[in-house]
Amino acid sequence: MAVDTTPAAPSHPEGGDSGGEAVRPLLSGAPAEEEGEEEELDVRYAPYARRDAYGVMGRGPLSPAQVARLVLAAAFLLPLRLVAGVFLVVAYYLVCRICTLFVDGLEEGRPRLQGWRREAVLRAGRGLSRAMLFVFGFYWIPMSDRSVPNAEDVHQDQSAELERPGAIVSNHVSYVDVLYHMSASSPSFVAKNSVSKLPLIGLISKCLGCIFVQRESKGSDSKGVSGAVTERVQEVSQDNNSPMVLLFPEGTTTNGDYLLPFKTGAFLARAPVQPVILRYPYKRFSPAWDSMDGARHVFLLLCQVANYIEVVHLPIYYPSEQEKDDPRLYANNVRKLLAIEGNLTLSNLGLAEKRVYHAALNGNSPRALHQKDD
């Protein structure tokens, strides 16, 4: 584990392309007199800098061989994957539709599924999510399971009766993270209220027990969101029939080599958490969704024949009494554990800095944006 308290250049991602063209200076198309500022940005915003063969924001120059490969994939592989992906989403929607017939609570956003209905939704969700990952090119997923704690790793005052974890806590690299966690445990998520109204996805998210929040409304501030998350995590830790909540404490994605500061929402409930580490080795295109628009990222991801993900399940983390009384300490200790076990670099940056970086990539002045953000 490394601690990035001052700007430092990121290490080359595991599995990265060894060729020189995979590493380019930030904003490589800018005039030469701006190279100093470009290098400064590359270092300052290292957790969000892309270093794959497609360059910054996926718009870098490509060799003729890369262009030919991309054209062939777009002509043959992309349509097949899109059709298969839509089919899987529709199939899961139909399962959810059948399982919610004559069930109360659907309009309120959380149908109470029990018995065969709940089992069908969970099994279908895991199976179809794994199928979706296969369609996206994640054919093999190596997993290291360290989820069984040793007796000495559990606090003495908790060894007699181990409480069920209320949340899965994971580093956040890509939207693919959600698909993996669905295939592994079908957890519930925190989502914007508008998601509940989307065609197909809306019903699916309700059946998964998602926590819907109105982030864009001033009336739903961070305290309200944290309160909803805390209430659900407490419910899960006390009820074996409630799906665990998947939380990404960083609040945004990185390039996979760094770990941003954790928000405390996942730790306010004083309940144990299940830490999980995700890594995405790559050769040409990185599945990390760090500094690229969504449509371009999906296009390049689906045009890559094979994608890779590695998963480490750590032992359930049982907080000490001191950590229960100090959510910030609890969050920081879990963050350090993930960084050590995942060989990730700790960074002090956050979502505000990521927005500044994105603006700079699009030609806006990072200095002006810093002043505006302050």
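Our estimate of slack between Val43 and Lys336, defined as 0.36 nm per intervening residue step minus the Cα-Cα distance, is 103.3 nm. The simple spin-label model puts a point 7 Å past each Cα toward its Cβ; for Tyr175 and Ala68 those points are separated by 3.2 nm.
For the peptides 233-240, 274-281, the ranking by packing is 274-281, 233-240, with the highest mean count of neighbouring Cβ atoms within 10 Å listed first. Model label points for Asn240 and Phe299, set 7 angstrom from Cα along the Cα-to-Cβ axis, are 5.0 nm apart.
Once you've got the Cα coordinates, tell me which of Lys192/Lys263; Lys192/Lys283; Lys263/Lys354; Lys283/Lys336 are over 22 Å apart.
Details: Lys192/Lys263 18 Å; Lys192/Lys283 34 Å; Lys263/Lys354 16 Å; Lys283/Lys336 28 Å.
Beyond 22 Å: Lys192/Lys283; Lys283/Lys336.
Relative to the present Cα-Cα distance, how much length would full extension add between Phe76 and Phe102 at 0.36 nm per residue of separation?
Details: separation 26, 0.36 × 26 = 9.36 nm, distance 4.25 nm.
Using 0.36 nm per residue and subtracting the Cα-Cα distance, I get 5.1 nm.
Taken together, the values in this text are just the output of simple stated rules run on the coordinates, not laboratory data. Keep in mind that what you see is a predicted model, and the values were worked out from it rather than measured. Ideal geometry is used to build each Cβ from the backbone, glycine not excepted, and the neighbour counts take in all protein chains shown.
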